[in-house]
Structure formats: structure tokens, C-alpha cells
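The block underneath contains the structure these notes are about, expressed in C-alpha cells.
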Amino acid sequence: MKQMAESNNYLILNEYEKVFLKLKATSQLILIGEFYGDPDVALISDDETYCAVGGEGVIIYYLRDPFEEFSTKYKSLNQWKIWGRGTNKETMWVSEIDQIDSKHIRVELEDSETILLSIF
């Protein structure tokens, strides 16, 4: 597995089109995203309240119990949200993600367009 991001308590790892969160305290691996094509970028927020992974859109995964596994079969209201991919919208191909503050990230797309996203 390829390491994409690290903080004091977490690692974000990638294997093929899947992304995992590793809890350092227990070594537990949790599926936090699936992408068409490998994901390109990831970050863990400075306060460790969320992580964001980009490639085919962005998945924002909230770092809190119960640490639900990601699924494309149902939406989670509290564990993750997806931006930039969907049935009615054009897929956004993400090349970079930066944390702006505790509530916003900056997403740069392949075409160099920049978008500010709210985390919550």
C-alpha cells in the first residue's frame, strides 16, 4: 500500500482504486473511499477532525466514531460526503487539495480551476 498522508494518529493509504484510513493506536484499517482510477491527493486536517482524498472528485471523511466503512451503495449522513462526482454532474478531476482553515479546503482541478469547499 502507498502512503498518501500522515498525522499523529492516522495514516491514509491507497491500494489501486481504494483508500484506507489506518488508526495508529490499533492498526485498524477502514475503507474510506473508492475511486475510478487511483486517487491522486490526500490530506488530514491539522486538528484531525476530517481527511479529504481527491482524484475522481473528493471524498471528505470525518475522523470520528463509529468509523463506518465507505460504500457506494448508500449515503452516510455523518461519516463522509462526496463532491465532484454524481449522476447529474460532470466528474471533477482533482489534482491538489490544501487545507485553508478548520472548515474549508481548496481544491485544484486538472484544468487549474480552483474551488473552495466547505467541510461541514
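Quick note: the coordinates plus some simple rules give every number you see, no bench work behind them. This one's a predicted model, so the numbers in the text were calculated from it and none came from an experiment. Please note: Cβ atoms are built from the backbone with ideal geometry, for glycine as well, and neighbour counts cover all protein chains shown.
General observations
- Selection over the range 96-120 of residues that are surrounded by 15 or more Cβ atoms within 10 Å (Cβ to Cβ) and over 23 Å from Asp65 (Cβ atoms) gives a count of 6.
- From Asp40, Asp46, residue being in contact (Cβ under 8 Å) with a residue 40 or more places away in the chain, among the acidic types (Asp, Glu) and more than 20 Å from Lys103 (Cα to Cα): Asp40
- Screening Ser27 on (1) in contact with a Gly (Cβ under 8 Å, 6 or more places away or on another chain); (2) at positive phi; (3) among the hydroxyl-bearing types (Ser, Thr, Tyr) shows it passes everything except condition (1).
- With respect to the conditions (1) surrounded by fewer than 18 Cβ atoms within 10 Å (Cβ to Cβ); (2) not in a loop (DSSP other than H, G, I, E, B), Gly33 falls short on a single one, namely (1).
- Residues of the range 101-118 classified as among the polar types (S, T, N, Q), within 19 Å of Tyr61 (Cβ to Cβ) and over 14 Å from the mean Cα position of the chain (by Cα), total: 1
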